[in-house]
1. Which lysines have a Cα less than 21 Å from the Cα of residue 220, not counting those fewer than 8 places away in the same chain?
2. Would you work out what percent of the accessible area of the chain, with all protein chains in place, is carbon or sulfur (probe 1.4 Å)?
3. With a cut-off of at most 16 other beta carbons within 10 Å, and DSSP calling the residue loop, which trypsin sites (Lys or Arg not before Pro) in the stretch 280-341 qualify? Please list them.
4. Of all alpha-carbon pairs in the chain, indicate the percentage at a distance above 29 angstrom.
5. Mean 1/r over all different Cα pairs, inverted: what Kirkwood radius does the stretch 169-287 give, in Å?
6. Might you work out the accessible area of residue 208 for me, using a 1.4 Å probe with all protein chains in place, and round it to the nearest 10 Å²?
7. Would you mind working out the accessible area per residue for the chain, using a 1.4 Å probe, and quoting it in Å²?
Amino acid sequence: MFGRRFLSVSSALSLSLLLAAGSAFGAPQATTGTRFSDIVQMAPSRDRARTNQRVFDKVWSEVRRGYYDPNLHGVDWGAARDRFRPLAASAVDDRALYRVLNEMLDLLDDGHAGASPPAAVRRQDTQYARRAVMGMTLMRGEDPDIWTVERVREGSPAQEAGVQLGWTLNSVDGRSWGPDVEVQDGRPVHLVLTDETGARRETTLTPRLMDGPQPFTADKSRPGVLVLTVEQFDPGLGGWIGGELDGLSPDVDVILDLRANPGGRLSEAESVLTCFLPYDQVWATQTGRTGRSVTLTASGDCGGRREPVPNEVAVLVDRGSRSAAELTPAALQEARRGIVVGEKTIGSVLIAQETELPDGGRLTLSRADFVTAGGVRLEKHGVTPDIEAPRTVAQRRAGEDPTLEAAIAALKAERAQAGGTTSGL
């Protein structure tokens, strides 16, 4: 059965994964240093081969009958089946199977089309629970075999081991990183990494139980500025933002930090926009496989709010901002309701749904196309910020945030030009 409508990346050019037992988001293939021809030299068991075929057939048929483009972007899907089904049947483990599935899905040239193995699904479903973690977030680049440390969690084993932002993870216990890798509380793991100079770094750390991160946080430490950081567009986001805005002085500027946000629920994007746009204002149109169009309006749940807040707004984005984290700034920018600051986004905005697979894995597949209210198609194009203000790895390590500072300065300048004043929270 289909899952809920959402906008998130599961097989994009880059994606974030929390390296933890029982927590991650998304799960494309990653097989550093492993050739598929090596993997298939061993024959799978009869049960394994049967499961492989069931999973493959489910993925193949879902694409054929449910993909938003009935022409499948010109891909000969029958030929794809002939080519990849024998390889899938020969897979000896989840890593090999899901590599085949994702290689086939890559033919669609769609950042949302991806298959997640059971281990990655378990991590995704428990990402905010207390769990054993190493404490790193990895970002996959254009090369699917390269995983870079995007974030190191404070107080985690990874931080204590000296792992740094920008390093590349080569292996875990002698095996290349993949979404099927899981860690256990108290069981040491040996990591091999490469730092920014190309030097080899080795360390052994012991994963331990830590409370899950907060998906949404509010920073009120700066006078006259409220920074709302959103990790993902998860359930309850609109109501949470509505609560943070309730009673807020109109003199306080609001900044939405959507950097490294991979997306999430479409309904939550609607709710966020309801906080800032007139109720029922059209902000986009989605078109499904049948060609029927559905108009999207600002009519979600902003904590019961029916009128948009009058505060000045800026949105922070970067190349890690995907899907709902692209649609939201695009809608505010197009409506002249907010300033977008940071880096140009990647353009992965098709509306997708999840389908459960027979082995506990999950297929993410685009079910509808998307254009803005002004008729702009963001897929493969992304959102261009009003103010370019990238943040380097060195600046992040030093705790500097020129993107945020540029947004604060821009809002302050707008307020000064309008003759307004600024007060504290």
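The values are calculated or read from the model by the stated rules, or taken from the named source; none is laboratory data. The shown structure was predicted, so the numbers you read here are calculated from the model rather than taken from an experiment. Backbone-built Cβ (ideal geometry, glycine too); neighbour counts: all protein chains shown. What goes into the accessible areas is simple: the full protein's heavy atoms, side chains included, and nothing from ligands, DNA or RNA. Shrake-Rupley method; radii C 1.70, N 1.55, O 1.52, S 1.80 Å.
1. Leaving aside lysines fewer than 8 places away in the same chain, those within reach of residue 220 are 412.
2. Heavy-atom surface of the chain belonging to carbon and sulfur, 1.4 Å probe: 48 percent.
3. Working: sites: 289, 292, 305, 306, 319, 322, 336, 337; in loops: 289, 292, 305, 306, 319, 322, 336, 337.
Sparse-neighbourhood loop trypsin sites (Lys or Arg not before Pro): 289, 292, 306, 336.
4. Details: 42158 of 90100 pairs.
The calculated P(r) of the chain puts 47 percent of pairs beyond 29 Å.
5. Numbers: mean 1/r = 0.0551 Å⁻¹.
It is 18.1 Å.
6. Roughly 80 Å² of residue 208 is accessible to a 1.4 Å probe.
7. Accessible area per residue: 41 Å².
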